[in-house]
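Quick notes on the structure that follows.
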Amino acid sequence: MYLGLTGNIASGKSTAAMFFEKHGCYCIDTDEISRIVMSPGEKAYLGVVEAFGRDVVREDETLDRAKIRNIVFNDPEKRKILEGIVHPAILEYETKAVGRIKGKDDKAIIITQAALTVESGSYKRFDWLVVVYTDPKVQLQRVMKRDSITQEQAKKIIDAQMPIEEKLKYANFIIDNSADIDRLEREVRRVIELIKLIGKCTKSRRERVCTNLG
């Protein structure tokens, strides 16, 4: 089984991924991959420097990811340019990682964690999509606390993303992370058990289950 794991900012998808891995799944973090493909000498690194100039390069020759985020956050065209450089490199790396996992474990549950799975259309390549949901009030407080910013700044960041209500329409499984971390782990275990159960079904039965879950 190959699943996508997504959610909006401060939803807890990284913590959910940690629990998926704890309970036997293989997790791939696209943010971690982006750091690798944007490291000095890599194709994406060279493409970013060419597109954005030396202003986004630190003294140690690594890319200033925070500066790049600020640039693309306020400029949709530059964001498209960045995505056009980085996303293909991430996909190539991810595809090889999935191949290696399947090569050693043909019954593996593989989960790729990414923020823009729905927005980019990449959800289509997964067998299932898991969306981590957080109550909006809880999400706002988490963003403010995590980034040490005002409520107004946090709302601006949240509002820049696809509304979670829209994202949930694409979900096969929804994990509610509005409570504490123990509840989140129980939610993850619930989804894993469902996935294993579905994996034992025939193809026609899986399709009926998918319809019911959707």
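The values are calculated or read from the model by the stated rules, or taken from the named source; none is laboratory data. These numbers were taken from a predicted model, which means no experiment stands behind them. Positions of Cβ are generated from backbone atoms using ideal geometry, with glycine treated the same way; all protein chains shown enter the neighbour counts. All accessible areas refer to the heavy atoms of the entire protein, side chains included, with ligands and DNA or RNA removed. Shrake-Rupley method; radii C 1.70, N 1.55, O 1.52, S 1.80 Å.
Using a probe of 1.4 Å, the accessible surface attributed to T95 totals some 80 Å² when neighbouring protein chains are kept in position.
Residue by residue, segment 69-81 carries 3J(HN,Hα) couplings of 4, 5, 5, 6, 4, 9, 9, x, 5, 5, 5, 4, 4 Hz when phi is fed to the Karplus relation 6.51 cos²θ - 1.76 cosθ + 1.60 (θ = phi - 60°); x denotes Gly or Pro.
A straight chain from L116 to K67 at 0.36 nm per residue would run longer than the Cα-Cα distance by 15.7 nm.
When the residues M18, M162, M38 are ordered by accessible surface, computed with a 1.4 Å probe over the protein chains alone, the sequence from largest down reads M18, M162, M38. Computed extension length for H23-K96: 24.0 nm, one decimal, from 0.36 nm per residue of separation with the Cα-Cα distance subtracted. Checking every one of the trypsin sites (Lys or Arg not before Pro) in segment 38-114 against DSSP loop status and a limit of 16 other Cβ atoms within 10 Å picks out R58, K107. Segment D147..R58, full-extension length gain: 29.8 nm, with 0.36 nm per residue of separation and the alpha-carbon distance subtracted. The residues of the chain present an accessible area of 59 Å² per residue when probed at 1.4 Å with all protein chains retained. With a 1.4 Å probe and every protein chain kept in, tell me what percent of the accessible surface of the chain is carbon plus sulfur. C and S atoms contribute 51 percent here.
Which entries of K102/K167; K43/K80; K102/K196 show an alpha-carbon separation above 19 angstrom in the structure shown? Result: K102/K167 exceed 19 Å. Of all lysines in the structure, those lying under 16 Å Cα to Cα from K104, and not within fewer than 8 positions of it along the same chain, are K96. Shown here for segment 54-113: GluC sites (Glu not before Pro) in loop regions (DSSP other than H, G, I, E, B) with at most 15 other Cβ atoms within 10 Å, namely E59, E61. Once the Kirkwood radius over Cα pairs is known for the chain, the Stokes-Einstein relation at 25 °C and 0.890 mPa s delivers a diffusion coefficient of 132 µm²/s.
Plainly put, segment 16-90 has a radius of gyration that is 1.06 times its Kirkwood radius, both from alpha-carbon atoms, as the Rg/Rh ratio.
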